[in-house]
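A.B. asks: Take a look at the following structure, please.
The values are calculated or read from the model by the stated rules, or taken from the named source; none is laboratory data. Note that the structure is predicted; figures quoted are calculated from it, not measured. Note: ideal-geometry Cβ built from the backbone for every residue, glycine included; neighbour counts use all protein chains shown. Quick note on the areas: whole protein, heavy atoms, side chains included, nothing else; ligands and nucleic acids left out. Shrake-Rupley method; radii C 1.70, N 1.55, O 1.52, S 1.80 Å.
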Amino acid sequence: MSGPERTLDAAAELFAVHGVGGVGMGEIARAAGCSRATLYRYFADRRELHLAFVHREARRVGAEVAAETAGVADPAERLTTAVLASVRRVRAAPALHAWFGAGDAATTAQLAQSSAVIEALGLSLTDDEEAARWLVRVIVSLLTVPGRDDADEKALVERFVVPGIRRARR
């Protein structure tokens, strides 16, 4: 495993325990078994490390969701399944779920709105760029302010998200 990947793995463990905002570059360097100087060769600053982590994990989750939805023929059902699978997979990964706590949600929202990788994941669900950005906001919202339960979230996605995306395609 490369130094940057090992560093992102170490950061993931720390994020899961301390939250994103509670982890400094020095702590990540120690956990990765490298010096701060080496860490800064991999990532110019904390924001770059955060972006690298989010991009890596977004690609992983995106690939898993794509595999899960590949056999779903109905577009509305595929969209519902993809949104809910994305939310479920993030919640199941402590290092990812940490990004949506009260102290870290603002950082997450800013990254989600400025990331081409995250936007590309939205575009994998719709070919409308504006709708893709909105989908990312919906997923971030569900992760930040969850529904009452899985059935409630599914009902919200089916009632509000799917019709909005379908209208955007016209």
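A.B. asks: How many residues are under 28 Å from Arg91 (Cβ atoms), open to solvent by 50 Å² or more (accessible area, probe 1.4 Å) and not acidic (Asp, Glu) when one looks only at segment 22-49?
C.D. replies: The total comes to 3.
A.B. asks: Now a separate question. Among the residues that make up segment 96-118, is at least one of them open to solvent by 70 Å² or more (accessible area, probe 1.4 Å) and modelled with pLDDT of 90 or more?
C.D. replies: Yes, there is a match, as at least one residue in segment 96-118 is open to solvent by 70 Å² or more (accessible area, probe 1.4 Å) and modelled with pLDDT of 90 or more.
A.B. asks: Which fully enclosed helices (runs of 4 or more DSSP H) of segment 81-170 have 3 or more residues being closer than 23 Å to Gly71 by Cα?
C.D. replies: Per the criteria, 116-123, 129-144, 150-156, 162-169.
A.B. asks: Quick check on segment 55-77: of everything there that is part of a helix (DSSP H, G or I) and without any contact (Cβ under 8 Å) to a residue 24 or more places away in the chain, which residue is most open to solvent (accessible area, probe 1.4 Å)?
C.D. replies: Glu77
A.B. asks: Taking Ala52 as the residue in question, decide whether it is over 23 Å from Gln110 (Cα atoms), in a helix (DSSP H, G or I), open to solvent by 20 Å² or more (accessible area, probe 1.4 Å) and of a type in the set (Gly, Ala, Ser).
C.D. replies: no
A.B. asks: I would also like to ask the following. Please specify each residue of segment 12-21 satisfying the condition of being open to solvent by 70 Å² or more (accessible area, probe 1.4 Å) and of a type in the set (A, V, I, L, M, F, W, C).
C.D. replies: Selection gives Val17 alone.
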